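Please treat every number below as a calculation from the coordinates, not as lab data. Predicted model, so just to flag it, every value in this text is computed and none were measured. With ideal geometry, Cβ positions are generated from the backbone for all residues, glycine too; neighbour counts draw on all protein chains shown.
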């Protein structure tokens with residue numbers, strides 16, 4: 001009502017006009033919502049239409065449980081008008097009714113009506129509870145189609161001339177028969193007095209094929225049915241008089257309500273009226289005789305053993321028998337499912353075969369079974385969706401674990417059952433490292449202490465592989481092997497491995513020697529050259545590197561110095577113009593290789609410690625001007641250990657891993673963390689190799705025992721350009 005008040009203020013019109021227009025719109029809305037055919041078939045005239053509105057509401061209440069629909073009762077008057085009784089729990093909405101009824105009369109029956117309120121009460125004696133009761137006077141006039149209205153309203157003389165012409169064509173006998181045939185239209189819509197011209201017009205219409213709805217029923221002189229057959233054929237019926245004393249009852253209702261076998265009992269002792277909400281008196285029933293009546297058995301009158309059952313409800317119509325001064329209640333049990341039938345200890349056989357209730361129960365049971373099947377399918381679908389989601393999550397975890405062990409393109413080929421061909425890489429940089437005096441440490445410590453020490457060290461090293469985007473090949477004991485430029489070839493492979501090595505030296509200072517308590521020391525060796533990479537074996541396949549480059553890199557590590565980064569001459573050639581501080585070690589005797597000139601990598605002159613370690617920059621180191629930018633990086637979660645001391649150390653290492661930017665990297669440094677997920681297989685295809693070199697990490701443990709194949713096919717770097725390859729040549733300019 002607040003919305004109506006606001007609309008009245010905005011539009012400047014009374015509330016009854018707003019509600020009337022809303023009623024017209026609501027009628028159109030119901031038609032558009034799919035109720036058009038249902039509304040059209042309620043009745044053949046306006047009287048029948050209004051008379052069956054309550055039945056429509058009763059049907060809709062099955063689908064809309066919370067619906068509180070109004071009730072309508074209509075009475076014919078002798079002058080052709082009607083009295084429409086409107087009952088509602090909602091006060092103030094009565095003006096919607098003229099809009100709805102008027103729109104229905106005009107649309108369905110081509111009739112214009114006028115409705116005015118003749119009586120309005122707040123409380124109705126004939127209905128229980130406080131409800132609004134409005135009585136409308138409905139007057140109506142039939143409308144001709146627009147073409148006919150134009151023809152017959154142009155001139156009264158035209159009507160007279162037409163009438164005379166028709167009278168000349170029809171004799172009196174035919175006219176009288178036509179009048180008799182059209183005079184009694186018992187189903188007419190609130191009849192009004194017809195003119196002579198309209199009667200004749202109806203005859204012509206009949207001649208054109210439009211049958212008039214005149215019907216005179218024929219009744220037999222006596223009822224050709226005995227009492228027993230009637231009670232068996234209509235098992236659910238009751239006859240009672242004005243005092244509500246039962247005179248007759250069907251056999252099935254006697255079975256359900258045994259008290260009805262005692263004729264002469266009062267009906268209201270065993271039943272109460274559920275719908276419509278009227279007192280249980282013969283006068284109230286007569287006023288609402290056109291409504292559907294729903295009776296419910298009284299629990300207190302049922303046998304003691306039946307009181308736990310749900311009460312039975314009967315639905316049907318009332319028919320007043322004037323000659324007997326009795327009321328006939330033709331009804332059926334109000335049951336919807338077989339479950340409700342079983343709860344009341346009833347059977348399908350208790351319902352008459354001609355009663356549509358049998359079909360409704362079975363059809364509804366079939367519908368419920370289909371709905372249950374549909375619900376089961378929906379539940380299975382939801383379960384499958386959840387399982388699919390969990391499977392996808394587990395698949396991602398499995399793929400993450402697999403990609404941590406093998407390059408992505410190699411893992412994908414193995415998953416597809418394909419053979420992974422070995423790939424030749426013209427130039428890459430390999431790094432080996434090990435722990436100084438690791439054998440002595442193992443001899444003096446518990447195994448768990450060794451495991452915790454190596455885990456702490458390797459977690460730091462693994463984090464650095466993310467920072468510099470190098471590939472971790474494998475670890476054996478204290479040996480750690482890394483390669484740059486494999487499996488994705490990059491021009492800056494030497495710089496990446498060199499920065500990684502500097503980070504390893506810094507990270508090793510944070511790992512404690514379990515024997516002495518001092519930081520551990522590591523040796524690092526680096527060599528640049530060609531390799532052949534591929535997957536060997538079917539059980540626990542590994543992505544391994546083969547070639548003399550692997551052996552020389554291992555020699556650089558084994559001939560190195562603690563806490564120093566040992567470079568071969570080829571690695572030095574790749575780094576000497578890359579702004580690294582490098583000192584010459586000189587020629588040394590390398591087992592299996594003879595004399596070799598080697599170098600030590602001291603530091604990166606253009607990068608700070610935080611940049612190399614992949615930590616967020618706070619303050620630039622004094623004396624070093626950084627030429628790199630560090631956007632937000634990816635946080636690498638480090639698994640926790642079982643020892644509290646290690647947990648504390650790992651918490652310190654759980655800092656965001658900021659990817660270091662290189663000139664051959666993507667514009668966004670963060671994308672460099674995903675480089676291995678963007679591997680191009682085409683870049684890795686190469687010639688297969690029959691070499692059986694033992695130059696892998698597994699073979700390096702006994703590398704001194706035999707000769708090694710010579711270093712073949714290494715592609716030397718392009719001609720150096722000192723003017724261009726200066727401090728900033730291999731690092732992004734600071735933005």
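In terms of surrounding Cβ atoms within a 10 Å radius of their Cβ, 574, 231 rank from fewest to most as 231, 574. The fewest-to-most ranking of 224, 306, 320 by surrounding Cβ atoms within 10 Å reads 224, 320, 306.
The overall shape of the range 478-564, judged from the alpha-carbon gyration tensor, is prolate: a/c is not under 1.5, and a/b is greater than b/c.
When the Cα gyration tensor is reduced to axis lengths a ≥ b ≥ c, the ratio a/c stays below 1.5 for the range 483-623, which is therefore classed as rounded. With a/c under 1.5 counting as rounded, go ahead and sort the range 2-143 into rounded, prolate or oblate using the C-alpha gyration tensor (a ≥ b ≥ c being the square roots of the eigenvalues; past the cut-off, prolate if a/b is larger than b/c, else oblate). Rounded shape, in that the Cα axes give a/c under 1.5. For residue 515 and residue 609, a Förster radius of 30 Å and the Cβ-Cβ distance give a FRET efficiency of 0.65, rounded to the nearest 0.05.
On full extension, the segment bounded by residue 300 and residue 405 gains 29.9 nm, given 0.36 nm per residue less the C-alpha separation. A Förster radius of 22 Å combined with the Cβ-Cβ distance from residue 116 to residue 48 puts the calculated FRET efficiency at roughly 0.50. More than 13 Å apart: what percent of Cα pairs in the range 227-276 qualify? Counting every Cα pair in the range 227-276, those more than 13 Å apart make up 55 percent.
The simple spin-label model puts a point 7 Å past each Cα toward its Cβ; for residue 393 and residue 263 those points are separated by 7.5 nm.
Size descriptors for the range 227-354, from the alpha-carbon set: Rg then Dmax equal 14.0, 42 Å. For residue 33 and residue 1, FRET efficiency with R0 = 22 Å and r from the beta-carbon atoms, rounded to 0.05? The pair residue 1/residue 33 has a calculated efficiency of 0.35. Residue exposure proxy: 435, 135, 451, ordered by other Cβ atoms within 10 angstrom of their Cβ from fewest to most, comes out as 451, 135, 435.
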